[in-house]
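Laboratory data are not the source of any read-out in this text; all were calculated from the coordinates shown. A quick note: this is a predicted structure, and the numbers were derived from the prediction, not measured. Note: ideal-geometry Cβ built from the backbone for every residue, glycine included; neighbour counts use all protein chains shown.
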DNA sequence: AGCAACTAACTAACCAGTTAGCAAAACAGT
DNA sequence: ACTGTTTTGCTAACTGGTTAGTTAGTTGCT
């Protein structure tokens, strides 16, 4: 690795720390340079601007995510467990993702939307083949899985609550919750809302977002 | 309402919009003043600083939340539905909450931790009385409920994915997911994850929610 | 007059991005 | 091997626009 490449890496590492702590608006380029032990100008030589640097950092680490967590269509609970492990092991990356969601900076929709659609399609397959309960919309199950598996990240609004069960307990609960949600259940009596699934195909979009208006 | 009070209100409204869009670091005091149609200095007269203004806005709206969504211990699915409705109707407040989680600004732990503990305690009661399935830790159920019910807010990392089912479907799915998670299931046969439940309790733990035990 | 509500203009610090140039290594010609 | 030149990697110091926060003063109502 050339000296320049090594410096580039140090900048990316320092930037990850800075951005995940302060977001784009709160991040300071001088601070990144200091953490990386290099001159500020190098940041502008290697990465054009603060925003581009953020995008680069985010891209790199989201690519990591896809590699470390290949989607497992026929073991959704197992996948949820892996997502939980990842979120627990890498809170910085969850924070990075959270920042990029709030600040609308960094448009990298292509890959993420794609993988979301892939997952939903795989779940829909599972439903047709009877491996996955058809009582929920595929997109609902995918989003719910991710939401539950990452809910305990300090990056998310409800992950911060003081006292939580031990990590092993949490992980076990996450896996079992997904098991419960996706496993086909016999009933029919218990599940009164199968018609909702028929509605799933985005019909006439209602003007008012609040569907349940019975406050 | 005095003229001064009216101005104060306009500032708070403008500040909600600004902070929920840009966060604290990204917010501009001049922009808030312009939106409120008042002089910037008034902001410093009525609220000391940008940070204090943010805290004030957050406090006010979180207080609203508690009023609008009283916790319903014996109808958790119904409560989840209300939370979903609220999150759908008030994305700005979800964003505000998300910002305040990421930026560690604004410490208002007292009320939120309190209500979290209250909810968990109520769930634990429900488990003891057999109304709620004892298979999950109470804290797990509370956090999961909130995570699922708010997962489709654009403020959260996985709420942004392109195609979602229609709002009514989503709401119905949310309510039914919580129903599935909290309803006592007769199982034994239905739930092959019972051994994981044994692991969960970190010891011989027959009836009491072993899951919730260890912190 | 006196007070409450408000304003215009200012200040000092900050911060993304730039300029101009240094030092050493690689390279070429002789 | 020696010298001049170019390239690579880097740095110190600067710039100009922006921004939180301040000061000193105005307006209008009682």
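Shown for B:129, B:48, A:103: other C-beta atoms within 10 Å of each C-beta, ranked fewest to most, produce the order B:129, B:48, A:103.
Please say if segment A:5-93 is rounded, prolate or oblate, where rounded means a/c under 1.5 for a ≥ b ≥ c the square roots of the C-alpha gyration tensor eigenvalues, and otherwise the choice is prolate for a/b larger than b/c and oblate otherwise? Verdict is prolate for segment A:5-93.
Pairs of alpha-carbon atoms within less than 8 angstrom and 6+ residues apart define the contacts here; what relative contact order does segment A:1-58 have, in percent? It comes to 37 percent, rounded to a whole number. Between copies, the label points of residue B:4, set 7 Å from Cα on the Cα→Cβ line, lie 6.3 nm apart, reported in increasing order to one decimal in nanometres. Fewest-first ordering of B:117, B:95 by other beta carbons within 10 Å of each residue's beta carbon gives B:117, B:95. Averaged over the residues of peptide B:111-120, the number of Cβ atoms from other protein chains lying within 10 Å of each residue's Cβ is 2. Counting, for every residue in B:146-155, the Cβ atoms of other protein chains within 10 Å of its Cβ and taking the mean gives 6. Entry note, segment B:84-155: relative contact order of 49 percent, from Cα contacts under 8 Å with a spacing of 6+ residues. What FRET efficiency comes out for residue A:60 versus residue B:68 if R0 is 56 angstrom and r is the Cβ-Cβ distance? Round to the nearest 0.05. Result of the calculation: an efficiency of 0.85. Going 7 Å from Cα along the Cα-Cβ axis for the label, what nanometre distances separate residue A:128 from the same residue across the other copies? Label point to label point, same position, other copies: 5.1 nm.
Sorted fewest first by neighbouring Cβ atoms within 10 angstrom, B:34, A:10, B:171 come out as B:34, A:10, B:171.
Between copies, residue A:117 shows label-point distances of 4.8 nm, shortest first, with the point placed 7 angstrom from Cα along Cα to C-beta.
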